[in-house]
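> The structure under discussion is supplied below as C-alpha cells; questions concerning it will follow.
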Amino acid sequence: EKGGYDHFMIKEIFEQPRSIADSMRGRLKAEDAHLHLGGLSNYMDKLAEAKRIVIVGCGTSWHAGLVAEYLFEELARINVEVEYASEFRYRNPVIEENDIVIAISQSGETADTLAAIELAKSKGAIIFGVCNVVGSSIARASHAGAYTHAGPEIGVASTKAFTAQVTVLTLIALATAKRKGTISEETYRQLLIELENIPSKVERVFENASKIKEIAFIFTYARNFIYLGRGLNFPVALEGALKLKEISYIHAEGYPAAEMKHGPIALIDEDMPVVFLATHDSSYEKIVSNIQEVKARKGRVIAIVTEGDTLIPTMVDFVIEVPKTHEILTPLLSVIPLQLLSYYIAVMRGRNVDQPRNLAKSVTVE
Ligand code: F6R
C-alpha cells in the first residue's frame, strides 16, 4: 500500500506531480485558454463582484489560505482576510450578506473550520469549500466549491494536500480575475501554460533528493530552526517550519524575513540553521540582504534558490535549486524541498513520520 516506499509521507511527497495535475484535470487546458471550475460556475459573478473574501482554515490549510491571499489580491484585486478558523468563530466577526468565505480543509472534518462556516452561513455569507475528501462535512455544509484531487492523504503531515489546495486556489483566483478583467490576456495565458508545466518542474525538484538528504544528515541533531521568506514565500516558510516541528520534534519558527530584525535575529549564532526561501522573484534583492545579516552573525544558511543563481551560492552554506517559474506559482515548487528536508531529518532521528506523537490526521474536536 506504500507502493514500495518506507512511509506514506514520502510516497505522498513523490505523488505531487500527479496530484497537482489531477487537481487541474478537466478544469484547465492552456492550449485553448480554457479554465472552468464546474462547482463554482453558478457563483462566478458573485466572486467577481465580491468586495471581500474571508478565508478560514487550520494548520497547513491556513498556510494555503495565506498563499491564496496574495493570489486574489494580486490577480483579482479583491481584499482578502485569512483567519484561523478557531479564532474567527469565537470573535463575533463582522460578516455581511454576500461576503464570500472560502473554507480550506483536506479532511473536510476539522471541527473549528466547520463551526466557522456554520457561523458565517448564519450571517448570510456564501460559503465555498476547498476540500480533499469528497462528501465530507465541510464540503456538504458549503454552498459550492472545488475539490482538490490529491487522492487519500494518509501521512499525518500534510504534503500533497497543500500543493493541491494551492493549485485549486490559483485556478479560482485566475478565473475570478478573468471574469473581472483585472488580468491581461497575456499574463492569463502565460499563467495557464506555466500551471501545466508545474508537475514536470516538481519532478525536477526531486532530482535534488539525495542532496537534501545530505543536508538533513548534517542538521539531524539541530535543536532549533528558523525559516524565512517574503511575499508568496512567507507562507511557505511557515509551512516548512510546521513540517519540521510536527514530524521531527525540532523547534522551528517561520517568519517573514523582514521581521527578523524586530526580534528573532537575537537568536542567530553558529548553532542556528536558517532556511531562506530565496527564489529569483521581486523580493530577491531584499532576501539577499537578509541572508547577509544572518551570515554576519554566523548563522548557518540553507537557501532555496532558482536554478542558475550564481550569487547566493557564494554567500551561504548550502543551496537547493528549484526550476524557474512565474512568481505567482513559486510556492508550488519552493515548498517541495522543505517537505523533503523535514522528512529526511525525521527519519534520521528515528521518528514515527506517518504518525507523529500527539497528532491526529483530522481534528474533529476543538
Ligand atoms: C499539518 C497538518 C495540520 C492540518 C490541520 C487542518 O501537516 O496536517 O496542520 O493541516 O489540522 O486539517 P484539514 O486540512 O483536514 O482541515
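> May I ask which of Lys11/Lys46; Lys201/Lys245; Lys51/Lys286 have a Cα-Cα span longer than 29 Å here? Could you put the intermediate results ahead of the total?
Details: Lys11/Lys46 39 Å; Lys201/Lys245 27 Å; Lys51/Lys286 32 Å.
In this structure, Lys11/Lys46; Lys51/Lys286 exceed 29 Å between Cα atoms.
> Residues of segment 108-136 with backbone nitrogen within less than 11 Å of a virtual label 7 Å along the Cα-to-Cβ line of Val363, please, listed as ranges.
Residues 110-113 fall inside that zone.
> Here's a follow-up. Aspartates and glutamates near Lys180 by alpha-carbon distance under 13 Å, same-chain residues fewer than 8 away left out - which ones?
Leaving aside aspartates and glutamates fewer than 8 places away in the same chain, those within reach of Lys180 are Asp45, Glu49, Glu73, Glu74.
> Would you calculate the convex hull of the Cα atoms in the chain and tell me its volume per residue in Å³? Intermediate values should be presented prior to the final figure.
Values: hull volume 48.7 nm³, N = 366.
Per residue, the Cα convex hull of the chain comes to 133 Å³.
> Please state the Cα pair-distance histogram of segment 150-245 with 10 angstrom bins from zero: what percent is in each bin?
Over segment 150-245, the share of Cα pairs per 10 Å bin runs 12, 32, 36, 15, 5, 0 percent.
> For the chain, what is the relative contact order in percent, using Cα pairs closer than 8 Å and at least 6 residues apart in sequence? Don't jump to the answer; show the numbers that get you there.
Numbers: 733 pairs, mean separation 70.7, N = 366.
Reported relative contact order: 19 percent.
> If you wrap a convex hull around the Cα atoms of segment 42-191, how much volume per residue is inside, in Å³? Don't skip to the answer; put the middle values down first.
Values: hull volume 14.7 nm³, N = 150.
Residue-normalised Cα hull volume stands at 98 Å³.
> Looking at the chain, do any whole DSSP H helices span at least 15 angstrom along their long axis by alpha carbon and average -0.5 or above on Kyte-Doolittle, and which?
59-76, 111-122, 160-180, 185-206, 233-248, 284-296, 330-348
> Tell me, what is the FRET efficiency for Glu31 and Glu185 to the nearest 0.05, using R0 = 25 angstrom and their Cβ-Cβ distance as r? Before the final figure, lay out each step's value.
On the way: r = 15 Å, r/R0 = 0.60.
It comes out at approximately 0.95.
> Rounded to the nearest 500 deg cm²/dmol, what is the calculated helix-only ellipticity per residue at 222 nm for the chain, with -39500 (n - 2.57) per DSSP H run of length n ≥ 4? Each step should come with its number before you reach the end.
Details: 13 runs with 163 residues, N = 366.
Using -39500 (n - 2.57) per qualifying helix, the result is -14000 deg cm²/dmol.
> Rounded, prolate or oblate: which fits segment 3-67, taking a ≥ b ≥ c as square roots of the Cα gyration tensor eigenvalues, rounded meaning a/c under 1.5, else prolate when a/b beats b/c? Please report the intermediate quantities before stating the final value.
Working: a/c = 3.49, a/b = 1.46, b/c = 2.38.
Oblate is the answer for segment 3-67, as a/c is 1.5 or above yet b/c matches or exceeds a/b.
> Then there's this: How big is the dipole moment of segment 220-317 about its Cα centre under a simple scheme where the beta carbon of each Lys and Arg is +1, that of each Asp and Glu is -1, and everything else is neutral? Debye, nearest 20, please. Show your work: numbers first, answer last.
Values: 10 positive and 13 negative charges, 42 e Å.
Roughly 200 debye for segment 220-317.
> Return the distance in nm (one decimal) between the two label points of a simple spin-label model at His326 and Asn224, each offset 7 Å from Cα along Cα→Cβ.
A separation of 4.0 nm, rounded to one decimal place.
> Using unit Cβ charges (K, R positive; D, E negative) and no other charged atoms, how large, in debye to the nearest 20, is the dipole of the chain about its Cα centre?
Working: 39 positive and 46 negative charges, 75 e Å.
Using only the charged Cβ atoms, the result is roughly 360 debye.
> Given +1 on the Cβ of Lys and Arg, -1 on the Cβ of Asp and Glu, and no further charges, what dipole in debye does segment 122-267 carry about its Cα centre, rounded to the nearest 20? Numbers along the way, then the final one.
Numbers: 16 positive and 12 negative charges, 59 e Å.
The dipole of segment 122-267 has a size of about 280 debye.
> A follow-up question, please. Where is the GNM fluctuation largest for the chain (alpha-carbon springs, 10 angstrom cutoff): Glu246, Glu49, Glu83?
Result for the chain, Cα springs under 10 Å: Glu49 fluctuates most.
> What's the ranking of 88-101, 30-43 by average number of surrounding C-beta atoms within 10 Å, highest first?
Numbers: 88-101: 16.3, 30-43: 14.1.
Sorting 88-101, 30-43 by mean packing, highest first, produces 88-101, 30-43.
Each value in this text was obtained by applying a stated rule to the coordinates, not by laboratory testing. A quick note: this is a predicted structure, and the numbers were derived from the prediction, not measured. FYI the Cβ positions are ideal-geometry reconstructions off the backbone, even for glycines, and counts take in every protein chain you see.
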